[in-house]
Amino acid sequence: MWLARSARALLLPALLLVLVTAGPAEACTNVTSLSQQLDALLAEYDREAAPALPVRVRLSFEPRHAALTADASVHMLADLVMTWSDPRIEWNASDWGCDSLVAATDRLWVPDLELLNGASGAQTAQGARIGSDGLLALVLRLDAVVPVRVQLAGWPADRQRALFKFGSRTLNTDELILEIDEFTTAVVFETGSWELMSVTGQLAPEAERSVAAWSVTLRRRAAAHEAASGAVLAAAALMLLSAALLPPLARAPLCACASFTAAVWLVSALLRLPASSSTPTAVVVFCVVCVAGGAGGACAALVARVARASSAPPRSLRTLASAFSVLCRLSPGEDTCQAAEVGAWAALALLLDRALLAALLLAVFVAVCVYL
C-alpha cells in the first residue's frame, strides 16, 4: 500500500512535466491555430508603414558564386540576409506555444533594398522568419552583375575587385539605418576559372541615405598559362644568352629564333586577353624579349659593319679603345680580323659589341626579374 501511494505521488509530477514540455512543441505544429493567431495579430497591421523610425536593418552578404564575364563585369550569385525589428509583431510565446514562425512577405513591411551600382535580378524568399520578440529575418537571393575596371597587370594570376553597394532609393537616413554583420562563412562553388579570395563589408553613407557595400576580390585560376608563360620566357632568355656567347657573324639566327618565340607567345596571349585599363606584366616582359632578340641581330650586323670600315678611325675613338683595353681584352677573333680592313676598327667593333650585349642582357635580366 505504501509503495502504491509513493508511485502515484511520483507519477503525477512526471506526467505534468511531460505535458508542459510537449505542449509548446505540439502547439507549434498546429498550423491552423498558428494561422488564426497570426491573422488576428496582423488584422490591424499596416504593411505600408514602417516600424518606429529610424529602422535599423542588419545585413549579411553571403556569396555563392562569382566570375568575371567577357564584358568586364563581375557576375555574382549571393544571399543578402536582412534582419530588423518590428515591435508591432510580438506575441507571448507561452500563450502561442511557439516562439517563431514564417509569414508571407506580402503581409509585412519589408525594407526596399536594392543594388545601387549594377543590375540585379533579385528573388525574395517566399516568407520571412518572425520571432516572438518582433525580430524578422528575410533572405534576398541575388543574381547581380556589377561593372568593374579590369586590371590585368598580374595576368595570368591577376585579381579583380568588385564593389556591391546596397541601399534604399526612397528611405533617407532618418528612416532607415543599415548595419553590417561580420562575414564569417560562404558557400561558394569554386569549380570555375575564378576563386573567391575575400569579402569585406563597409558602410558607405551617401547624401541623405545609408548605404552598405561589400568589396569582393576574385583571383583567376590559370595554372597552365602561368607554367607555359614561364617556360616560353625561360627558353627565349636562354636563346638570347646563348647568342651572346657566339661571335657576331653567327649570332643573328639565334636572336631571330628568340624573337620569333616571344612573338608567337604574344600573339596567342593577346587573343585571350579581354579589354582592360592596364597591360599585363607578362606581355611587357615578352615585348622586351622580342625587341631584345631583334636588337641583338641588328647589333651583330652593326658590329660587322664597323669591323669592315676602311678609313682610319678618329683619334678620339683610338684613345677610347686604348683606355678600355686596360679594363678588358679587345683582341678580336679570327673571323673579325679577316673581315676587318683596319685593325683599330676591329678593336672598336669588339668594344661596341660588348657594350651592346651588356645593355641587351641587362634589359632582359631586369624584365625577367620584374616578371618573377
Can you tell me which residue within region 286-298, out of those that are surrounded by 22 or more Cβ atoms within 10 Å (Cβ to Cβ) and of a type in the set (A, V, I, L, M, F, W, C), is farthest from the chain's Cα centre (by Cα)? A292
(1) at pLDDT below 90; (2) under 30 Å from L115 (Cα atoms) all hold for T217 apart from (1)
Looking at A262, A250 in this structure, which one is assigned by TED's automatic domain parsing to the domain that holds L360 and crowded, with 18+ Cβ neighbours inside 10 Å? A262
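When you go through D158, D181 one by one, which is the residue that is assigned by TED's automatic domain parsing to the domain that holds A52, over 20 Å from L218 (Cβ atoms) and among the acidic types (D, E)?
Only one candidate passes the filter, namely D181.
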Go through region 111-134 and report how many residues are within 30 Å of W96 (Cβ to Cβ), hydrophobic (A, V, I, L, M, F, W, C) and surrounded by fewer than 17 Cβ atoms within 10 Å (Cβ to Cβ). 1
Let me confirm something: among F189, F164, F183, which residue is of a type in the set (A, V, I, L, M, F, W, C) and either at pLDDT 90 or above or within 30 Å of V370 (Cα to Cα) (or both)? F164
Tally, over region 84-102, of residues that are within 11 Å of A128 (Cβ to Cβ) and crowded, with 18+ Cβ neighbours inside 10 Å: 4
Going residue by residue through region 190-197, is there one that turns out to be surrounded by 15 or more Cβ atoms within 10 Å (Cβ to Cβ) and closer than 30 Å to V288 by Cα? yes
In this structure, is L320 in a loop (DSSP other than H, G, I, E, B), among the aliphatic types (A, V, I, L, M), modelled with pLDDT under 65 and more than 19 Å from M239 (Cβ to Cβ)? no
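The values are calculated or read from the model by the stated rules, or taken from the named source; none is laboratory data. What you see is a predicted model, and the numbers here were worked out from it, not measured in a lab. Methodologically, a virtual Cβ is constructed for each residue, glycine included, from the backbone with ideal geometry; neighbour enumeration extends over all protein chains shown.
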